Amino acid sequence: MSVTIKDVAREAKVAPSTVSRVISDSPRISEQTKRKVRKVMEELGYHINYNGRVLVNQSTQTIGIVTKVSSVHSFDNPFFSELLRGISDACHEEDYSIYLTTGNTEEAIFKEVVKMVQGKRVDGVIVLYSRQDDKVVPYLRECNFPFVMIGKPVGQASETMYVDNDNVLASKEVTEYLMNLGHERIGFIGGDYHFEVARDRLEGYRQALANGNLKEDKDLQKNIQTGFADAEQVVEELLDVKDPPTGLVITDDYNALTVMRSLTEHGLQLPEDMSIVGFNNTMIARLSNPALTTVDTQSFQLGHESARNLIDLLNRPDMIKKSVIIPTVIVERDSCYSRNAETDKGHEERKEGEK
């Protein structure tokens, strides 16, 4: 038989109404009484009836998570898992649950979002992406429904709460990292350019080349959307270029791993024949062979801050919409090779020959 509020009140020697006020954290109840009642609740194994709270407070204590693809495919990528772990951690702190979209198409996901909003299944939504031609975010704006984005909004950024990295700067810095190692032919492998993050990282790469007076070659710019088969095709195209790259900026650790595997199957030695840098500093970056140099985007913190901001918005609906930029850092491992030593050796050999 389940424990009731009356059971807690009797054991704590207070009125049932006092127990109800403790549950709702009423300021009318002293901290001493709250501690006593909560201790009894824990000892008796009393669990709050959230269905009742929904009726009374018009709150589900649930946050919706909107993925850009089905959750099944998302979980293949450790970045998504870390993002979700950060969201879950923040929600746990504030006693919120999570409702995750599971659609396999954009249209299916959109319909799930409509059900979330119209059915009052969630209090607010975290959208895990920013993309062109998206239906979800405009719908949430139209309904004036609380939401936070992970990624810079395509439009109305000043009116939207979001959490992101400075992806232009991060990509620029990691491209310059390869340039400082002596690489002059640097390729770029991004993701789906419908998404804002992919366009920003391409822009950072281009800025680095321009600042370093390196010629931009469109033949060295590729993208991966569907996994390993796509990676094989990209590698073949890059190796067929008349003057192939010696370094690659790959904007996702998962894609970097598939490219590294394909390069190895084509007989290349890593990192001597090709230096690789990735993004996100996921677990696979540490486990790859060689261990992957990567940009730590602090994915856990991205998720945690997005949930914290949404909960703040739910508690203070009139608060100013803010953006939070999470800093990035390059984590150096073994997947990059300095060509400066080779260049210096070449210069010395030419000097010897001239004597």
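The values are calculated or read from the model by the stated rules, or taken from the named source; none is laboratory data. Just so we're clear, the structure is a prediction, and the values are computed from it rather than from any experiment. As a convention, Cβ positions derive from the backbone with ideal geometry for all residues, glycine included, and neighbour counts pool all protein chains shown. The accessibility values were calculated without ligands, DNA or RNA, using every heavy atom of the protein model including side chains. Shrake-Rupley method; radii C 1.70, N 1.55, O 1.52, S 1.80 Å.
Can you confirm whether the range 216-224 contains a residue that is touching a helix residue (DSSP H, G or I) at 6+ places or on another chain (Cβ under 9 Å), among the basic types (Lys, Arg) and open to solvent by less than 70 Å² (accessible area, probe 1.4 Å)?
Yes, that holds for at least one residue.
Here's a check for you: in the range 194-209, which residue that is hydrophobic (A, V, I, L, M, F, W, C) and assigned to a helix (DSSP H, G or I) is farthest from residue 279 (Cα to Cα)?
209
Out of the residues in the range 302-328 meeting the condition of being under 14 Å from residue 166 (Cα atoms) and outside any loop (DSSP other than H, G, I, E, B), tell me which one is most open to solvent (accessible area, probe 1.4 Å).
Top of the filtered list is 325.
For the range 20-45, which residues satisfy the criterion of being over 30 Å from residue 313 (Cβ atoms), at pLDDT below 90 and open to solvent by less than 90 Å² (accessible area, probe 1.4 Å)?
Of everything in the range 20-45, those that are over 30 Å from residue 313 (Cβ atoms), at pLDDT below 90 and open to solvent by less than 90 Å² (accessible area, probe 1.4 Å) turn out to be 44, 45.
Would you confirm whether or not the range 97-118 contains a residue that is over 22 Å from residue 199 (Cβ atoms) and in contact (Cβ under 8 Å) with a residue 60 or more places away in the chain?
Checked the range 97-118: no residue is over 22 Å from residue 199 (Cβ atoms) and in contact (Cβ under 8 Å) with a residue 60 or more places away in the chain.
Within the range 160-193, take every residue that is in contact with a Lys or Arg (Cβ under 6 Å, 6 or more places away or on another chain) and assigned to a helix (DSSP H, G or I) and give me the one that is farthest from residue 117 (Cα to Cα).
171
Say we look at the range 124-147 and pick out the residues that are closer than 20 Å to residue 280 by Cβ and either of a type in the set (Phe, Trp, Tyr) or part of a strand (DSSP E or B) (or both); which of these is most open to solvent (accessible area, probe 1.4 Å)?
Step by step, filter the range 124-147, then rank; the result is 131.
So which residues in the range 155-175 are closer than 26 Å to residue 294 by Cα and either open to solvent by 50 Å² or more (accessible area, probe 1.4 Å) or in contact (Cβ under 8 Å) with a residue 60 or more places away in the chain (or both), if there are any at all?
162, 163, 164, 165, 166, 169, 170, 171, 173, 174, 175
For the range 258-265, state whether one or more residues are of a type in the set (Gly, Ala, Ser) and either touching an Asp or Glu at 6+ places or on another chain (Cβ under 6 Å) or modelled with pLDDT under 95 (or both).
Yes, because at least one residue in the range 258-265 is of a type in the set (Gly, Ala, Ser) and either touching an Asp or Glu at 6+ places or on another chain (Cβ under 6 Å) or modelled with pLDDT under 95 (or both).
For the range 258-269, which positions are closer than 13 Å to residue 245 by Cβ and outside any helix (DSSP H, G or I)?
268
Based on this model, can you work out whether residue 310 counts as of a type in the set (A, V, I, L, M) and within 21 Å of residue 263 (Cα to Cα)?
In short, no.
Please identify the pairs in which a residue from the range 182-193 that is within 18 Å of residue 170 (Cβ to Cβ) and of a type in the set (Gly, Ala, Ser) has its Cβ atom under 7 Å from the Cβ atom of a residue that is open to solvent by 10 Å² or more (accessible area, probe 1.4 Å) and part of a loop (DSSP other than H, G, I, E, B), counting only partners at least 6 apart or on another chain.
Close Cβ pairs satisfying both conditions: 190/251; 191/225; 191/251; 191/252.
How many residues does the range 286-299 contain that are closer than 18 Å to residue 84 by Cβ and open to solvent by less than 50 Å² (accessible area, probe 1.4 Å)?
Qualifying residue count, the range 286-299: 3.
Determine whether residue 111 is among the charged types (D, E, K, R) and farther than 20 Å from residue 307 by Cα.
Considered against the rule, which asks whether it is among the charged types (D, E, K, R) and farther than 20 Å from residue 307 by Cα, residue 111 comes out as yes.
Residue 98 - would you say it is in contact with a Cys (Cβ under 7 Å, 6 or more places away or on another chain), open to solvent by 10 Å² or more (accessible area, probe 1.4 Å) and closer than 21 Å to residue 81 by Cα?
Judged against the criteria, residue 98 is a match.
Check whether at least one residue in the range 196-214 is open to solvent by less than 50 Å² (accessible area, probe 1.4 Å), of a type in the set (Lys, Arg) and within 30 Å of residue 318 (Cα to Cα), and report yes or no.
No, the range 196-214 contains no residue that is open to solvent by less than 50 Å² (accessible area, probe 1.4 Å), of a type in the set (Lys, Arg) and within 30 Å of residue 318 (Cα to Cα).
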